[in-house]
1. Regarding segment 139-154, can at least one residue be identified that is part of a loop (DSSP other than H, G, I, E, B), modelled with pLDDT of 90 or more, open to solvent by 60 Å² or more (accessible area, probe 1.4 Å) and polar (S, T, N, Q)?
2. Hey, among 109, 95, which residue is at pLDDT 95 or above, under 20 Å from the mean Cα position of the chain (by Cα) and farther than 15 Å from residue 32 by Cβ?
3. Looking at segment 104-115 only, could you name the residues that are of a type in the set (A, V, I, L, M, F, W, C) and not in a loop (DSSP other than H, G, I, E, B)?
4. Select from segment 34-64 the residues that are in contact with a strand residue (DSSP E or B) (Cβ under 7 Å, 6 or more places away or on another chain) and open to solvent by 70 Å² or more (accessible area, probe 1.4 Å) and list them in ascending order.
5. So residue 7 clears everything in (1) modelled with pLDDT under 90; (2) among the aromatic types (Phe, Trp, Tyr); (3) part of a strand (DSSP E or B) except one condition, right? Which one?
6. Tally time: how many residues in segment 67-103 are basic (Lys, Arg) and part of a helix (DSSP H, G or I)?
7. Return the total of residues in segment 43-66 being farther than 23 Å from residue 102 by Cα and in a loop (DSSP other than H, G, I, E, B).
Amino acid sequence: MIIGCRFICLFAVLINKVSLDVTVEAVIGGSVVLPCSSVKHDLKLQDIDVFWRDKDSETIYDFIKGTDFLESQDPRYKNRAQTFPDEYKRGNFSIKLINLTHADAGEFICYITPSNEQETVHLIIKESTTENENQSTEEANGVPKTQLDWWQILLICVCILLVLILPIAYFKWKQRKRTPAPI
């Protein structure tokens, strides 16, 4: 009975805390949106606190009781972290980081209270090349990558050949096994 009660209490605590992990990629000198949304939409903005922290627990951006609070913002993020105030009412507290550097790579955490929600964003920074920029643009616009590499084409050809040749070889082998040997 006690074990069942403990299990139910633990389950209730785990359900109450919503935690998501997301990975995003960006290029040096570019910008990236770090997503953070509340699943609870019945909260009033004046009752919500949102705290964005980086891998070193430094303050990136705070939204306290319905207003932006930048007094404790780490100098590295000054004029580099932007929010989307029109999205607050929808529960979207994502931030946009601009002028990215290698030092920005790592983990970012968004805490939303009192709903006890947490979202962890892993930021991967890549070198700025034309290929990476084009790839990021295609991915951001939802354009699928259509160019196949040589190894993908080779793999497709091998699979097609196997699908065609193996049944024929198996059929021939079965026939040879059934046919009696000439005397």
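1. Looking through segment 139-154, none of the residues is part of a loop (DSSP other than H, G, I, E, B), modelled with pLDDT of 90 or more, open to solvent by 60 Å² or more (accessible area, probe 1.4 Å) and polar (S, T, N, Q).
2. Within the list 109, 95, the selection yields 109.
3. Let us first name the residues in segment 104-115 that are of a type in the set (A, V, I, L, M, F, W, C), namely 105, 108-110, 112.
The answer is 108, 109, 110, 112.
4. Correct list: 39, 55.
5. (3)
6. 3
7. Number satisfying all stated conditions: 5.
The values are calculated or read from the model by the stated rules, or taken from the named source; none is laboratory data. Keep in mind it's a predicted model, so treat the numbers as computed, not measured. Every residue, glycine as well, gets a Cβ built from its backbone with ideal geometry; the counts of neighbours run over all protein chains shown. Ligands, DNA and RNA are excluded from the accessible area calculation, which covers all protein heavy atoms including side chains. Shrake-Rupley method; radii C 1.70, N 1.55, O 1.52, S 1.80 Å.
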